[in-house]
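Quick notes on the structure that follows.
The values are calculated or read from the model by the stated rules, or taken from the named source; none is laboratory data. Not measured: the values here are computed from a predicted model. Quick reminder, even Gly has a Cβ in these numbers, built from the backbone with ideal geometry, and neighbours come from all protein chains shown.
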Amino acid sequence: MGVSNRHLHLSEADMVRLFGEGYQPERMKDLSQPGQYAAKETVTLMGPKGLIEGVRLLMPLRKQSQVEVAVTDCYKLGIPPVIRDSGDLAGAPGITLVGPQGQVTLEEGAIVAARHIHLSTVEAAQLGLKDKERIAVEVGGARGLRFDHVLIRVHGSFAAEMHVDTDEANAAVIKNGQTVKMLFEQRP
C-alpha cells in the first residue's frame, strides 16, 4: 500500500513556464514505480478560494500537466472534487500553478485520482487481472474498510502497489507498506 499525497506532473512546456528554460529538477526520492521520482521542487496551487503551498513535482515529465489532490484539498482550493483515472482530464476543474519563474493556469487538470493498483504484466496474468479492470480491496485493522472500484493498472515496468490518497488513508489509518486483501470474487 502506498499513500499518495497531493502532487503534480508537468508537461515540458509548463516546466519551462514555472521553472525557466533548461531547468533540471533535482531528484529527492525514488518512488515505488521504476523510473519515477519525487523532485525537490514544489509549486503553489491557487484556486478560487485558497492556496496550497509546497505541492511536490513528480517526474518524469508527461504530455499534459496534471494535479492530483485529495477531496479535502478541493474544498480548501474551492474547486469541485472530480474523481478520475490518471490522465483522464477532460472536464476536470482548472487550477493555477505558481512556480519560482512564473505561473500557469490549467484549463483542465485538477483531479482526485481514483484509487488504483499498479501491477506488472506478469503479476496481472498470475492474478487473472486485466488493465482497467476494477476490483474490491479490504483493509484490516481497527478502522478497516472495503474499497470498491479499485482500478487495475497494468504495465510491463510497474511494481505491485495499491495507491490511495491521504483522505482515504486517514479514514482507515493506512500506512505506507501495509498489505491489503484483494477481493476477486466480489468485483464491482
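Points to keep in mind about this one:
- Unmet criterion (only one of (1) buried (at least 18 other Cβ atoms within 10 Å of the Cβ); (2) in contact with a Pro (Cβ under 9 Å, 6 or more places away or on another chain); (3) in the same structural domain as Ala13 (by TED's automatic domain parsing)) for Ile135: (3)
- Screening segment 50-108 for residues that are surrounded by 17 or more Cβ atoms within 10 Å (Cβ to Cβ) and small (Gly, Ala, Ser) and picking the one that is farthest from Gly22 (Cα to Cα) gives Ala70.
- Looking only at segment 156-188, and only at residues there that are surrounded by fewer than 16 Cβ atoms within 10 Å (Cβ to Cβ) and in contact with a Leu (Cβ under 8 Å, 6 or more places away or on another chain), the one that is modelled with the lowest pLDDT: Phe184
- Verdict on Pro81 being within 25 Å of Ile152 (Cα to Cα) and in contact with a Cys (Cβ under 6 Å, 6 or more places away or on another chain): yes
- Index of the failed condition, Pro80 passing every other in (1) at pLDDT 95 or above; (2) out of contact with any helix residue (DSSP H, G or I) (no Cβ under 7 Å at 6 or more places or on another chain): (2)
- When residues of segment 1-39 are limited to those that are more than 19 Å from Pro100 (Cβ to Cβ) and of a type in the set (A, V, I, L, M, F, W, C), the one modelled with the highest pLDDT: Val3
- Segment 155-188, residues that are in contact with a His (Cβ under 8 Å, 6 or more places away or on another chain) and either closer than 21 Å to Arg84 by Cα or free of Cβ contacts under 8 Å to residues at least 24 places away in the same chain (or both): His155, Phe158, Ala160, Glu161, Met162, His163, Pro188
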